[in-house]
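Each reported figure results from applying straightforward, stated rules to the coordinates on display, with no laboratory input. Since this is a predicted model, take the numbers as computed values, not measurements. In this analysis, Cβ positions are derived from the backbone assuming ideal geometry, glycine residues included, and neighbour counts consider all displayed protein chains.
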Amino acid sequence: MTEGEGDRTFRPTSGTFLGWVGIGLAGAGVADGLIDDRTLGGLRFALGAAIFGLLVWCFMLRPRLVIGSVDLQLRNPFLTWFVPLASVRKVAVRAVTRVHTDDRRFDGVAVGRPARSLTRAGRPARRGSIGLPGLGSSRYTEDADASRVPKGQLDANMTADFVVEQILFAADRAREANPDQRPPRRTWAWIELGALAVLVVALAVSLLV
């Protein structure tokens, strides 16, 4: 299933820049191994770089979270879940997005909260006071989760909160339009899996030659 018109798509909240850097390095490695170093060692290096680039694509760039009119699409590195929105009961975003239905849960890795915010979530707020001793002071509370975000930009935590709201809103609309619930379904990333299998076998054969 492809992304339809009107679908709301969320790309990975972290690692995108490093992912494209990794793709560029992998491409340079493949070119160096196949063009500049036309030896068996160069072929092995090129195959290793290609495997690295494919894994970077799968884990850092391929994941998506797509809110459609009927289904919620959780695209992971090698597997995509299509969860009917009418069956969604609860959504929580921590390291990954976790969607709960009546009988099971589904994880999507595209949208998550930074590890730093998850660590700080359990810390109590810090309290203090401002003023001179004996002349009175005013107390303040510093929230452990508080962070300054440049105006006009959404950080990963804001995106996570927005995603939860959008999924739950779409789920309510889906239940109003069609309360009948279909079972979730999954599809495998056959292109990526096939390419990875071919590259791994080719590298193994090159090492045995």
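Structure notes:
- Positive minus negative residues near Ala46 (Lys, Arg vs Asp, Glu; Cβ under 14 Å): -1
- In percent, rounded to a whole number, the relative contact order of segment 1-72 is 48, using alpha-carbon pairs under 8 Å and six or more apart.
- Label point distance in nm, Phe169-Ile191, each placed 7 Å from Cα along Cα→Cβ: 3.1 nm
- Cut-off 11 Å between beta-carbons: net charge of the residues surrounding Arg11, Lys and Arg +1, Asp and Glu -1: +3
- For the listed peptides 17-28, 197-208, 157-168, a ranking on the average number of other beta carbons within 10 Å per residue, highest first, reads 157-168, 17-28, 197-208.
- The distance between label points at Asp103 and Met158 comes to 4.1 nm (points 7 Å beyond Cα on the Cα→Cβ vector).
- By average C-beta atoms within 10 angstrom, highest first, the peptides 42-48, 90-96: 42-48, 90-96
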